[in-house]
Amino acid sequence: MAKRGGFSGGMPGNMNNLMKQAQKMQRQMEENQKVLEEKEFTATAGGGAVEVTISGKKEITKVKLSEEVVDPDDIEMLEDLVMAAVNEAIRKEEEESSKMMSKMTGGLGGGLPF
């Protein structure tokens with residue numbers, strides 16, 4: 001009598017391989033996250049008058065202001081420069097995170113249905 005179904009025992013092996021690959025990818029993601037969290041990202045605004053450093057956890061670790069931007073009559077400009085530097089530092093961190101993820105997945109993602 002002929003077998004029916006078409007899964008002649010091959011599926012369990014493939015599923016085990018898939019699970020191993022998923023576990024390996026998860027470990028790599030955790031390692032990459034730790035590496036990223038230890039990095040620092042610095043950005044400046046106003047020609048270097050404001051410098052902000054953030055960690056890979058997106059926490060501000062340092063703010064440096066040049067004396068010439070501390071003008072009590074123009075607080076708005078200083079606020080804008082700090083905001084611009086923080087946003088740029090966050091963008092740098094996110095860019096690095098995306099690069100690390102892309103290396104790990106080898107360009108997967110776009111063609112997968114899930």
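Every read-out reported here was derived from the displayed coordinates using simple, explicitly stated rules and does not represent laboratory data. Fair warning: this is a prediction, and the values are worked out from it, not measured in the lab. Please note: Cβ atoms are built from the backbone with ideal geometry, for glycine as well, and neighbour counts cover all protein chains shown.
The table below lists the values:
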| read-out | value |
| --- | --- |
| Efficiency of FRET between ASP80 and GLU37 - r from beta-carbon atoms, R0 35 angstrom, step 0.05 | 0.75 |
| Karplus 3J(HN,Hα) series, Hz, for segment 59-69 with 6.51 cos²θ - 1.76 cosθ + 1.60 (x for Gly, Pro) | 10, 5, 10, 7, 10, 10, 10, 7, 4, 5, 8 |
| Taking segment 38-105 and dividing mean pair separation by its residue count, relative contact order in percent (alpha carbons under 8 Å, at least six apart) | 33 |
| J(HN,Hα) series, segment 38-46, from Karplus relation 6.51 cos²θ - 1.76 cosθ + 1.60, nearest Hz, glycine and proline x | 7, 7, 10, 10, 10, 9, 10, 9, x |
| Segment 27-37 - phi-based ³J(HN,Hα) in whole Hz, Karplus 6.51/-1.76/1.60, Gly and Pro as x | 4, 4, 4, 5, 5, 4, 4, 5, 4, 4, 5 |
| Label-point separation, ASP71 to GLU59 (7 Å along Cα→Cβ), nm | 3.5 |
